[in-house]
Amino acid sequence: VQLQASGGGLVQVGGSLRLSCAASGSFFRINTLGWYRQGTGSQRDLVATVGSGGTINYADSVKGRFTISRDSAKNTVYLQMSSLKPEDTGVYYCALSVLKQRFWGQGTQVTVSS
């Protein structure tokens with residue numbers, strides 16, 4: 001399984017970015033795709049997940065500002081980020097969780113500048 005993330009970059013406070021992550025390889029169709037964030041010197045925290053059945057989960061800190069979606073036909077997950085804040089800065093990792101395993105993408109840097 002491989003995950004390829006894209007879409008990070010530098011944005012000003014209040015701006016928007018859209019992250020994409022495509023999963024490839026062989027895996028069970030019942031799975032969860034998601035995004036996690038790791039700031040400098042901090043742990044990797046959940047941002048949002050979306051299950052193959054449509055169940056969505058957000059971290060409290062991003063509710064109302066971020067929207068996760070998936071295209072199951074393309075095995076791709078998206079994260080639309082709006083009203084970005086400096087504390088949203090970090091490396092964003094996409095992940096595929098399936099049958100008690102979790103696979104990680106390479107991470108994409110998001111920097112929110114004030």
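The values are calculated or read from the model by the stated rules, or taken from the named source; none is laboratory data. Computed from a predicted model, the values in this text were never measured in an experiment. All Cβ positions, glycine included, derive from the backbone under ideal geometry; neighbour counts span all protein chains shown. Heads up: the accessible areas ignore ligands, DNA and RNA and are worked out on the full protein's heavy atoms, side chains in. Shrake-Rupley method; radii C 1.70, N 1.55, O 1.52, S 1.80 Å.
Could you tell me whether segment 103-113 includes any residue that is open to solvent by less than 60 Å² (accessible area, probe 1.4 Å), touching a Pro at 6+ places or on another chain (Cβ under 8 Å) and not aliphatic (A, V, I, L, M)? Break it down stepwise before answering.
Residues of segment 103-113 open to solvent by less than 60 Å² (accessible area, probe 1.4 Å): 103, 105, 107-108, 110-113.
Those left that are additionally touching a Pro at 6+ places or on another chain (Cβ under 8 Å): 112-113.
Narrowing the set further to residues that are not aliphatic (A, V, I, L, M) leaves 113.
Scanning segment 103-113 turns up at least one residue that is open to solvent by less than 60 Å² (accessible area, probe 1.4 Å), touching a Pro at 6+ places or on another chain (Cβ under 8 Å) and not aliphatic (A, V, I, L, M).
Just checking, does segment 41-51 include any residue being acidic (Asp, Glu) and surrounded by 15 or more Cβ atoms within 10 Å (Cβ to Cβ)? First the steps, then the outcome.
Looking only at segment 41-51, we keep the residues that are acidic (Asp, Glu), and these are 45.
Cutting the leftovers down to surrounded by 15 or more Cβ atoms within 10 Å (Cβ to Cβ) gives us none.
Checked segment 41-51: no residue is acidic (Asp, Glu) and surrounded by 15 or more Cβ atoms within 10 Å (Cβ to Cβ).
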Counted residues, segment 41-75 - those being farther than 20 Å from residue 20 by Cβ, in a loop (DSSP other than H, G, I, E, B) and among the hydroxyl-bearing types (Ser, Thr, Tyr): 2
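So in segment 76-91, with the set limited to residues that are out of contact with any helix residue (DSSP H, G or I) (no Cβ under 8 Å at 6 or more places or on another chain), open to solvent by less than 20 Å² (accessible area, probe 1.4 Å) and in a strand (DSSP E or B), which one is farthest from residue 53 (Cα to Cα)?
Among those residues, the one meeting the criterion is 90.
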